[in-house]
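Let me begin by presenting the structure, written as structure tokens, before commenting on it.
The values are calculated or read from the model by the stated rules, or taken from the named source; none is laboratory data. Note that this is a predicted model, so its numbers are computed, not measured. Note that each Cβ is placed from the backbone with ideal geometry, even for glycine, and that neighbours are counted across all protein chains shown. Remember, those area values only see protein heavy atoms, side chains included, never the ligands or the DNA or RNA. Shrake-Rupley method; radii C 1.70, N 1.55, O 1.52, S 1.80 Å.
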Amino acid sequence: MHPSAELAESLRAAVGGDGRVWALAGWDELEAALHRAPPSVVAFVDPFLGEEAGTPAPRLLHLLNDVRSAILVAAFPIGAGTLRHLERMVRAGLADVVDVGREDTPAALRQRLIAVRRRSVAKLLDRALPRSTPSRTRALLSAAAETAAAGEGAAEFAAALGATERTVLRWCRRADLPHPRRLLAWLRVLLAADMLDDPGRPLSVIARACGYSGDAALRNALRSFLGSPPGALRGQAFSAAASAFARELFALREEAAARGRPDRTWLH
């Protein structure tokens, strides 16, 4: 959502065949699109659009508060007149900033897209995982979360790690993680739970955005993993999902400790 045709062209070149770019006309259209968007979508916006005073639009701050799971990037020329607004926008939840005219080449935008998606996944995992989670386990979880956010499965998870599915299964066992398919299912539940806590997201939209076939499939997943229907989880869905996921990880670690295993590098 930006008046610069050059930025739009650079974004199209940046995503190439890996994605699509939609042009949106204004804040109403952006809000409607964000409520329908999957968690991997990134919105590039002019934060001052429609504001004569050169201050961030109230609608931007509203969206950052109301659609907290969305990834919003502000694109504008950074200078003395706009720099003072940066802290306020970042504090409100802005994912990143692109300095138009300096950081808007296709190569720079492609790197920014990769970076903001990874940071979004990292923030979600930071909220969900115990602090004691080992770094190598986090690396596996990060790749799995990026795979789940893109709506992909076990084959793509293995490809992202440069390994076979059989090897990834072994790595998950040695890292005390669920089977890769169950791990991806858990991460889809976490992504859906995060979106469920956004008040304006309809259940049908959340289901499609997170790769479920429909409302019924998402309801079944939430009941199976969390023991509750969506209506009972609204407003506390992510904390419930994170607690349940942590309990399963703890149980897997306890089972591994009870079995005993040789002291070896689990990535071999």
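Ignoring everything except DSSP H segments at least 4 long, calculate the 222 nm mean residue ellipticity for the chain; use -39,500 (n - 2.57) per segment, divide by total residues, nearest 500.
It comes out at -19000 deg cm²/dmol, rounded to the nearest 500.
Through the Karplus equation 6.51 cos²θ - 1.76 cosθ + 1.60, θ set to phi - 60°, convert the phi angles of region 203-215 into ³J(HN,Hα) values in whole Hz; use x for Gly and Pro.
Calculated HN-Hα couplings, in order: 4, 4, 5, 4, 4, 5, 5, 9, x, 8, 6, x, 3 Hz.
Write out the trypsin sites (Lys or Arg not before Pro) in region 1-65 meeting two conditions: DSSP loop, and at most 15 other Cβ atoms within 10 Å of their Cβ.
Answer in residue order: ARG20.
From the P(r) of the chain, can you give the percent of Cα pairs sitting at distances over 30 Å?
When all Cα pairs of the chain are counted, 34 percent exceed 30 Å.
Angle, helix 180-196 long axis vs. longest principal axis of the chain, Cα atoms, 0 to 90°, nearest 10?
It works out to around 40 degrees.
Net charge within 15 Å of ARG112 by Cβ-Cβ distance, Lys/Arg positive one each and Asp/Glu negative one each, not counting ARG112 itself?
Result for the local shell: +1.
Where nothing but the Cβ of Lys and Arg (+1) and of Asp and Glu (-1) is charged, how large is the charge dipole of the chain around its Cα centre, in debye to the nearest 20?
Using Cβ point charges on Lys, Arg, Asp and Glu, the chain gives about 1420 debye.
ARG127: net charge of surrounding residues, Cβ under 14 Å, Lys/Arg +1, Asp/Glu -1, itself excluded?
Net of charged neighbours comes to +2.
Skipping prolines and chain starts, which residues have an amide H placed within reach, meaning under 5 Å, of the one on PHE44, given they are 5 or more residues away or on another chain?
Here VAL73 satisfy the definition.
Just by accessible area at a 1.4 angstrom probe, what is the order of TRP186, TRP27 from largest to smallest?
Ranked list, largest accessible area first: TRP27, TRP186.
Counting Lys and Arg as +1 and Asp and Glu as -1, what is the net charge of the other residues whose Cβ lies under 12 Å from the Cβ of GLY19?
+3
Kindly give the semi-axes, whole Å and largest first, of the ellipsoid equivalent to region 132-259, taking each as the square root of 5 times a Cα gyration tensor eigenvalue.
The three semi-axes for region 132-259 are 26, 17, 11 Å.
Taking amide H atoms as placed 1.01 Å from N in the peptide plane, list the residues 5 or more away in sequence, or in a different chain, whose amide H sits under 5 Å from that of VAL98.
Sorted by chain and number, the residues that satisfy this are ALA74, ALA75, PHE76.
Which one, PRO134, PRO58, GLN236, is farthest towards the positive end of the dipole of the chain when Lys and Arg carry +1 and Asp and Glu -1 on their Cβ?
PRO134
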